[in-house]
Amino acid sequence: MLDLSNIVRNTAEVRAALERRGEADPPVERIVELDTERRRLIARSDEDRATRNAVSKRIGDEKRKPTPEEIAQMRETNDRIKEAEQALGEIQHEIRDLLLPLPNLPMPDVPEGLDETANVVVETYGEEHEIADAQAHWDLGPALGILDLEAGASISGSRFYVLKGKGARLSRALSAWMLDTHSSENGYTEIEPPLLVREETMTGSGNLPKFKDNLYRDDESDLWLVPTAEVALNGLHQGQIIDPDQLPLKYVAQTTSFRKEHTAAGRDVRGIKRVHQFEKVEMFRFVEPEEPERHLEEMLAEGRTLCERLGLSHRVVQLCAGDIGFQSAKTYDIEVWAPGSGEWLEVSSISTCVDFQARRNNTRYRPAAGEQVRLPHTLNGSGLAIPRIWISVLENGQQPDGSVVIPEVLTPYTGFSKIEPAG
């Protein structure tokens with residue numbers, strides 16, 4: 001959630017930043033009007049309470065009963081305080097309703113632009129190489145007997161799939177290898193969180209109310225299926241004050257992610273590039289406000305290292321203001337080359353959200369004993385999304401005889417180095 005005091009102090013700048021993101025008419029002036037009225041009501045209530053306290057003290061000091069005039073005065077004062085409190089509650093509710101749908105402000109160095117066509121390729125590692133007679137994964141997987149798109153559609157409908165045999169084991173191996181790398185080498189604490197979360201948790205992450213129509217929900221319990229482990233990891237300290245000397249806190253989790261993908265209708269419909277249910281390893285950090293850029297670069301390097309060890313050509317793309325995620329202030333995507341599909345596939349979005357999520361979640365930290373609490377900054381990033389890495393490993397490893405060679409780093413986890421065509 002945006003900082004109300006910043007909106008009041010820098011109204012024009014906030015409006016301009018939101019317009020950079022494509023917000024046509026952000027209600028910043030209305031928010032300022034409501035805040036002015038909020039502060040007026042608070043001041044009036046404080047005056048009335050001071051008057052009430054003074055009258056009560058005078059009566060007590062004089063050790064007498066209140067006069068009829070004083071009783072009437074106190075009654076009127078109490079009525080004004082109650083009216084002000086009711087009006088104040090309504091105003092605060094309206095301010096929150098206006099703030100919750102507003103996205104985070106892009107950092108000044110985020111490129112201008114309103115859609116992906118304005119994103120900037122920062123660096124490329126490897127080439128857009130071709131493989132003779134290369135097959136896309138939607139043909140290669142079934143030929144190997146490891147991907148069954150028809151069974152997924154039969155069981156659950158479109159944009160679902162079934163991995164079989166060595167295909168399922170490859171997916172599991174990718175997750176285990178990534179978790180081990182992040183926890184053993186990169187200093188993350190592994191978490192196994194719930195996949196169903198409360199509305200408050202989904203709101204704290206920034207997914208509600210903005211993306212309500214793209215989320216799965218159980219009506220009876222009012223619990224929501226996570227679209228990413230980020231939601232649950234962000235909620236680990238909601239409503240808490242993190243003790244001194246605890247930051248940075250670094251968490252990693254592998255979960256299933258669930259998305260309706262209404263916003264992506266008609267895009268990437270072939271194969272398993274964009275589906276309703278998929279596995280993902282997620283990195284998440286709570287950090288000091290002074291050092292989010294350093295952590296962003298570290299997380300980007302961690303994602304890139306995974307791609308390098310898999311031997312995959314990849315590139316880093318900085319997203320423009322109109323394409324960064326709702327809660328993000330700055331985002332880099334990592335994309336890997338898939339020669340069979342003939343395209344770059346996003347396997348990670350690594351973002352700094354500054355204090356946007358912490359404010360929504362009421363997560364605070366105390367820098368040192370006795371010091372005033374502050375809001376930590378949060379960062380998140382896929383490390384990595386499994387289906388598209390699975391695609392790239394498959395398409396890059398295909399051989400002339402129809403088999404697929406598995407990256408060496410995965411063979412201790414798979415138990416095999418090659419997938420042969422189905423007999």
Conditions first: (1) in contact with a strand residue (DSSP E or B) (Cβ under 6 Å, 6 or more places away or on another chain); (2) outside any helix (DSSP H, G or I). SER183 passes all but one, so which condition is the exception?
(2)
Which residues, counting only those in segment 362-407, are more than 30 Å from TRP344 (Cα to Cα), more than 19 Å from the chain's Cα centre (by Cα) and among the charged types (D, E, K, R)?
ARG366, GLU371, ARG374
Residue selected from segment 213-228 under the condition within 15 Å of the chain's Cα centre (by Cα) and over 18 Å from ASN361 (Cβ atoms), by the criterion surrounded by the fewest Cβ atoms within 10 Å (Cβ to Cβ)
ASN214
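Go through segment 62-180 and tell me which helices (runs of 4 or more DSSP H), entirely inside it, have 3 or more residues that are at pLDDT 95 or above and among the charged types (D, E, K, R). Break it down stepwise before answering.
On the way: elements: 68-99, 137-144, 149-156.
Helices (runs of 4 or more DSSP H) meeting the threshold: 68-99.
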Go through segment 179-205 and give me each residue that's out of contact with any helix residue (DSSP H, G or I) (no Cβ under 6 Å at 6 or more places or on another chain), touching a residue at least 60 places away in the same chain (Cβ under 8 Å) and closer than 25 Å to GLN246 by Cβ.
LEU179, THR181, HIS182, SER183, GLY187, THR189, ILE191, GLU192, THR203
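Would you confirm whether or not segment 229-250 contains a residue that is on the phi > 0 side of the Ramachandran plot and surrounded by 21 or more Cβ atoms within 10 Å (Cβ to Cβ)?
Checked against the condition, which is being on the phi > 0 side of the Ramachandran plot and surrounded by 21 or more Cβ atoms within 10 Å (Cβ to Cβ), segment 229-250 yields no hits at all.
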Looking at (1) of a type in the set (Gly, Ala, Ser); (2) surrounded by 18 or more Cβ atoms within 10 Å (Cβ to Cβ); (3) over 14 Å from the mean Cα position of the chain (by Cα), can you tell me which one SER257 breaks?
(3)
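Would you say THR203 is exposed (fewer than 13 other Cβ atoms within 10 Å of the Cβ), among the hydroxyl-bearing types (Ser, Thr, Tyr) and within 30 Å of GLU13 (Cβ to Cβ)?
Numbers: exposed (fewer than 13 other Cβ atoms within 10 Å of the Cβ): no; among the hydroxyl-bearing types (Ser, Thr, Tyr): yes; within 30 Å of GLU13 (Cβ to Cβ): yes.
So THR203 fails the test.
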Please determine whether any residue of segment 14-21 is of a type in the set (Val, Ile, Thr), free of Cβ contacts under 8 Å to residues at least 40 places away in the same chain and surrounded by 17 or more Cβ atoms within 10 Å (Cβ to Cβ).
no
Those helices (runs of 4 or more DSSP H) completely within segment 317-420 that have 2 or more residues that are aliphatic (A, V, I, L, M) are 386-397
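Would you confirm, using the coordinates I've provided, whether ALA50 is at pLDDT 95 or above, out of contact with any Phe, Trp or Tyr (no Cβ under 8 Å at 6 or more places or on another chain) and farther than 17 Å from ASP97 by Cα?
Here the answer is no, as ALA50 does not meet what is asked.
The values are calculated or read from the model by the stated rules, or taken from the named source; none is laboratory data. Everything numeric here is computed off the predicted structure, so don't read it as measured data. Cβ coordinates were reconstructed from backbone atoms using ideal geometry, including for glycine residues, and neighbour counts include every protein chain displayed.
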